[in-house]
Structure formats: structure tokens, C-alpha cells
1. Could you sort 47-59, 64-76 so that the peptide with the highest average Cβ count within 10 Å comes first and the rest follow in order?
2. Starting at the first residue of region 83-92, write each ³J(HN,Hα) from the Karplus equation 6.51 cos²θ - 1.76 cosθ + 1.60 with θ = phi - 60°, in whole Hz, x for Gly and Pro.
3. Place a point 7 Å from the Cα of Asp24 along the Cα-to-Cβ direction; which residues of region 39-71 have their backbone N under 14 Å from it?
4. Sort Val97, Val41 so that the residue with the fewest other Cβ atoms within 10 Å of its own Cβ comes first and the one with the most comes last.
5. From the list (1) 15.0, 49; (2) 13.6, 44; (3) 15.9, 63, can you say which value of Rg and Dmax of the Cα atoms in Å was derived from the structure given?
6. Quickly work out the Phe105-to-Thr10 label distance, labels modelled 7 Å from Cα along the C-beta direction, and quote it in nm with one decimal.
7. Tell me the relative contact order for the chain as a rounded percent, counting alpha carbon contacts under 8 Å between residues six or more apart.
8. Dipole magnitude of the chain about its Cα centre, charges +1 at Lys/Arg Cβ and -1 at Asp/Glu Cβ only, in debye to the nearest 20?
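Read-outs throughout are calculated quantities, based only on the coordinates presented, and are distinct from any laboratory measurement. Just so it is clear, the model here is predicted, and its values are computed rather than measured. Methodologically, a virtual Cβ is constructed for each residue, glycine included, from the backbone with ideal geometry; neighbour enumeration extends over all protein chains shown.
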Amino acid sequence: MNGLPHSEVTSEQILAAVLKSLDDNKAEDVVQIDLRGKTAVCDQMVIASGRSSRQVVSIAEKLAEDLKHTLGILPKTEGQDTGDWVLVDTGDVIVHVFRPEVRDFYQLEKMWLPLGKAVQSAS
């Protein structure tokens, strides 16, 4: 592994690696939500879409692989079996990759943004 020890990796480094991997792997509608000071769960949440179940799983698998190779992080993943919604948890940054219909149904962005604030794309 070329990465730094996980304790030395900052949430900013993880976020940058996540956004690069999502962009490289053609994730769509990428949204970054800063949760510092709002929850102890994580510092950042990233939400993205894939066009199909297969692409959702592929984006999440490639993200986990990229994080392992670039930063030495082994994230936890859940949801690869169905491919509707895959969660990639690095600890500091949590990534949700959805099929568009499932993303529309759950609307996670709305849950974490202040009332009246529009969703902003990370791109």
C-alpha cells in the first residue's frame, strides 16, 4: 500500500480522493454535504448516482479500491447485493451511491440541508 496510516489521513484527503474516484468512474449528480459540527457520525457526506444497478455497484467497488490504493483505507461497504443503494463508509466521509429512482425516493440531501437551502453539486 502506498497510503498513509489511516490515523494520519485527513477527512479533506479522503474527500478529495472520493470526489476524484466518483468523477473518474462517471458517477452522476455528485453532491457533497459538510456535516462538521452537525453530527458525530462523519465530517462529510457525498451522494452520487449511477445509471443502473450494475454501474452503482461498479462505482462503489472502484471507490473502495481507489481509497485502498491511494490512502491505505479499507472502507466498509453495504448494499452491493442489490445495487439500488451502496454505502461506502470511510469513517470521516460517508458515500451513498444510488440508482436515480432510489435516490429520489429517499432524498437524503434534504434531510441534511438547512430548510430553504438548495442542493449544490460538487462538480
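1. Highest mean packing first, the order is 47-59, 64-76.
2. Values per residue, Gly and Pro as x: x, 7, 8, 10, 9, 10, 10, 9, x, 7 Hz.
3. Hits in region 39-71 for Asp24 at 14 Å: 59-71.
4. Neighbour counts put them in this order, fewest first: Val41, Val97.
5. Only one listed value fits the structure, namely (2).
6. Here the answer is 3.9 nm between the modelled labels.
7. Working: 222 pairs, mean separation 36.8, N = 123.
Across the chain, relative contact order equals 30 percent.
8. Value, rounded to 20: 180 debye.
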